[in-house]
Amino acid sequence: MGGAIKWRIATMATSLGAIASAIAIISIVLLALGASPLAVFSDLWQGAFGNWLAATDTLVKSTPLVFTGLAIAIAFQGALWNIGADGQLIIGALAAGAIGPALGRWPHPIAIALMMAAGAAGGALWGGLAGWLRARREVNEVISTIMLNFVAVQILSWAVHGPLMEPSRSFPKSVTIAPTAQLAFYLEPSRLNVGMVLALVFAVGCHLGLFHSARGFELRAIGRNRRASAFFGIPIARITVAAMALSGALAGVGGAVQVSAITHRLYETMSPGWGYEAIAVALVARLNPLAIVPAAILFGALDNGSQAMQRADAVSPVLVNVIQGLVIIILVAFDAVAARGMRGALLGDAEGAVAASDAAAEAGDA
Amino acid sequence: MLSATAITRRFGRTLALDRVDFRAYPGEIHALVGENGAGKSTLINIFAGRLKPGSGTVALNGEALVTGSAHAALKAGIAAVYQSPMLFERMSWEENLALGGFGTRTLLNDLAGAAGRARTIAAGLGFKLPPDGAPVERRSVGERVRLEILRALSFEPRVLILDEPTGVLAPAELEAFVDTLRRLRAAGRIVVIVTHRLAEAIAVADRVTVLRHGRVVATRTAGETSAAELARLMIGDVAASPTKSTKARLRTPDDSAPIAVHGAPALVVENLTLAGEGRRLLDGVSFSVAAGEIAGVAGVDGNGQRELVEVMAGLRKPTAGRLRVVPDRQALAVIAQNRDLDGLILDMPLWENLLLARAVRERFARRGWLQRSSAMAFCAGVLDRYPIRSAGAASLAAALSGGNRQRLAVARALAGDPRVLVVHDVCRGLDLHATAEVHRRLREFAAAGGAVLLISSDLDELMALSSSLHVMTRGRLVAATAADRDAERIGLLMSGAAAES
């Protein structure tokens, strides 16, 4: 009874185990360097959650990771290896930042809705393009999404140097968006805003869509066995385009939230690499939308706490990147599901999945 | 001598092999028989180094083998051919053979040399090879098994292990293949052959070992046993009917064949043509299946059967021709040949696997949302009715045994209340029990007014079930008349095609 549930619990336990192992390995390194792991991790914790301001800032920094993490999870569930969440977020931010200054005449809720819609549309265009290339032209989406990331960065750069540049033209940034298009900070000086709430709503929506809707089922079926899905008449091409567009839209909304709540305008750099970090977030969360939220907060906390750690212990914030990297490596090394997914990505067939399930099948045979 | 001593192997709580002792001697063909789940696959996987036994030892000529290492097994001279071929999908067949054996003695991959050597062996066996440079991914199961056999033979193995290799071979190929096995025997090699066909085991092997529930129940000399005795040993308590040899069975009309009372046409195919790989994979195929009819399609695997099924399933668009289902395409259900690759999603729960069938999915979706609890309850009912041995509707399909996987596929196809059922090698690799059960389901479906297209490489099955018969050769479908319903006539059509195409 409940084989699938047990399996799910086991995979979640692997994630927690990977995090614990990464911390243990780092502790040994710190000990070898003569530093106190206890002090370092305590300062990391202090920097991330030590006080109201730190804790809220962790949430603010986690918000784009939730959006991009959901984007990755949706795509990966369909074995669509979207590496382009960064570009999709950038195009979403660009769309929102472009219409933002003109929204002054609209009431606040409508202006916000338009910002989000623009972000979703921009991201959907960018993701959907890769999806279309995959479905109709057999272009590997890993390559197309990576390339589209570079294109997105250049388009943004051109926009803030050109058509969207502020009138004084002294600095590559766009005009400030209208006040009605801005998401307010609740408890200043904290930068807490409604973005995280929105992210939670989207996470629940993604969960329902993936596990409770017929289309979500079809997407997961494609991700696990393309050939069987084709045999049962699942419209693979259509779902591929739709899933990539949805994935891009989620990242794009993340970009719009960032413009609306935090930056209020466009700069040459709109993402420190959230789209890539999101791959790690999504893998730690086992592509489960609800688990994306704590996973994103964990990664956001590591980012946020790293500065305090540097100040207090003179430990480079790069240590945090090492922890994040270790978590992923340990996870992939010890996890057949992730390994199989990656093999599937490389070979593009279901053979890997079948081979990996052989042991289980043997058990059933006996 | 290949020996296994006191081999025990568990999978979780299941005991797959229980203190198994097994001996096969040089110059011997040794058959291993048993029902699905008896432990045959586990045992040969241990010999081939794919699995490590929990306890016990494996030795070849008195030297203990490192268990759990496929490399060590191969180095010792043990080569295996599996029921589900292990090939690199995206590579050409030449590359597959070069990687597997033909090219391993040189540093540089000598594709042309590998292909040449493969052709020599293939010619000796009467095997037909795919076109030059063709990737494996679109090849049929039969073609894949033939490639696997060539690859295994290229090692000139001291021990050759074959898991159900004959199911996909044509009669003429079979003869040459058995000759090859006998040559290996004469050269003092050991051949271990896993099979469900008891008559074949007796005809080909010198000795037969029977496994039941993970234990060796008996080893018999082939000349001193009978199919009936082996069946009894395999199944245990259940009395088995003696299996007639293929020839005898084909010449006597089967009493259990359905009486041909047919209704209106339910499936009409007109001039279906599919071009690809520089030739016609399907070439003007026309036939119709009436309600209540089981129409059989015989033929050597790889002559267009797979493509025909793919067109039926809507996976490929025909180049020309029409396909009509009464009342509509939704009323057609397909059970594909390769159930693990085309039929199931192994890391999804059983209830979701049932949802793969569009009819089931539509029944349990309201405005696009899945009625999860009713779908699960429905699945529990199906598991109960068929019955499918599993850990419940929420357990993963990967945990099902082969027979239960096929039961699930049959259950799913019938769950949508189809009018037309297209089944391809539906009993391949199933034991006597499961085969009889699937046959009963097909007969019941037809008796209730369903139309069945039974595509099979098993002549016994076709003769027993079908009321009309076609033969597929090189993408063409020829209707067999009543006069053609004769093993030699059909075998001629089939093997003639195999030699030419």
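A few notes on this one:
- Amide H contacts of residue B:451 (H built 1.01 Å from N, in plane; Pro and chain starts excluded): B:292, B:420, B:421 sit under 5 Å, all sequence-distant by 5 or more or on other chains.
- Inter-site label distance for residue A:161 and residue B:99 at 7 Å from Cα along Cβ, in nm: 4.6
- Charge sum, other residues only, whose C-beta stays under 9 Å from residue B:6's C-beta, Lys/Arg counted +1 and Asp/Glu -1: 0
- Each part reduced to its alpha carbon centroid, the range B:162-232 and the range A:280-319 end up 60 Å apart.
- Estimated FRET transfer efficiency when R0 is 41 angstrom, pair residue B:21-residue A:329 (beta carbons, to 0.05): 0.40
- In the protein assembly as shown, helical runs assigned H by DSSP with n ≥ 4 each contribute -39500 (n - 2.57); averaged across all residues and rounded to the nearest 500, the mean residue ellipticity at 222 nm is -16500 deg cm²/dmol.
- The residue A:38 and residue A:307 beta-carbon pair, evaluated with R₀ = 30 Å, returns a calculated FRET efficiency of approximately 0.95.
- If R0 is taken as 30 Å, the Cβ-Cβ distance between residue B:279 and residue B:156 corresponds to a FRET efficiency of 0.30.
- Three-way shape call for chain A based on the alpha-carbon gyration tensor, with the a/c threshold at 1.5: oblate
- Rounded to the nearest 10 degrees, the inclination of helix B:372-385 to the longest alpha-carbon principal axis of chain B is 70 degrees.
- Think of each Lys and Arg Cβ as +1 and each Asp and Glu Cβ as -1; about the Cα centre, that makes the dipole of the protein assembly as shown roughly 700 debye.
- Positive-end extreme of charge dipole, the range B:345-416 - chosen from B:346, B:408, B:359 (charges on Cβ): B:359
- Debye intensity ratio I(q)/I(0), log10, the range B:2-246, q values 0.11, 0.15 Å⁻¹ (C-alpha model): -0.58, -1.06
- Those residues of the range B:307-327 whose amide nitrogen sits under 15 Å from the label point placed on residue B:268, 7 Å along Cα→Cβ: B:321-327
- Leading residue at positive end of dipole, the range B:142-229 (Cβ point charges), from B:172, B:149, B:160: B:160
- Order of B:288, B:140 under a 10 Å beta carbon neighbour criterion, fewest first: B:288, B:140
- Chain A: DSSP helices with Cα axial extent of at least 20 Å and average Kyte-Doolittle hydropathy no lower than 0.0: A:3-32, A:52-77, A:85-99, A:108-137, A:141-161, A:195-212, A:236-257, A:289-313, A:318-334
- Between 0 and 90°, nearest 10: helix B:432-447 axis offset from chain B longest Cα axis: 10
- Taking the centroid of alpha carbons for each part, the range A:189-215 and the range A:33-55 are 29 Å apart.
- Residues with amide H under 5 Å from that of residue B:61, placed H, sequence gap 5 or more: B:2, B:3
- Charge-dipole axis of the protein assembly as shown as Lys and Arg at +1 and Asp and Glu at -1 on Cβ define it, positive-most pick from B:62, B:29, A:210: A:210
- Distance in nm between pseudo-label sites at residue A:9 and residue B:417 (7 Å out along the Cβ direction from Cα): 4.0
- In this label model, residue A:25 and residue B:366 are separated by 4.9 nm, measuring between points 7 Å along each Cα→Cβ vector.
- Test item: Cα-centred dipole of the range A:85-169, Lys/Arg +1 and Asp/Glu -1 on Cβ, debye: 180
Every read-out reported here was derived from the displayed coordinates using simple, explicitly stated rules and does not represent laboratory data. The structure displayed is predicted, hence computed values, not measured ones. Note that we place each Cβ from the backbone using ideal geometry, even for glycine, and neighbour counts take in every protein chain shown.
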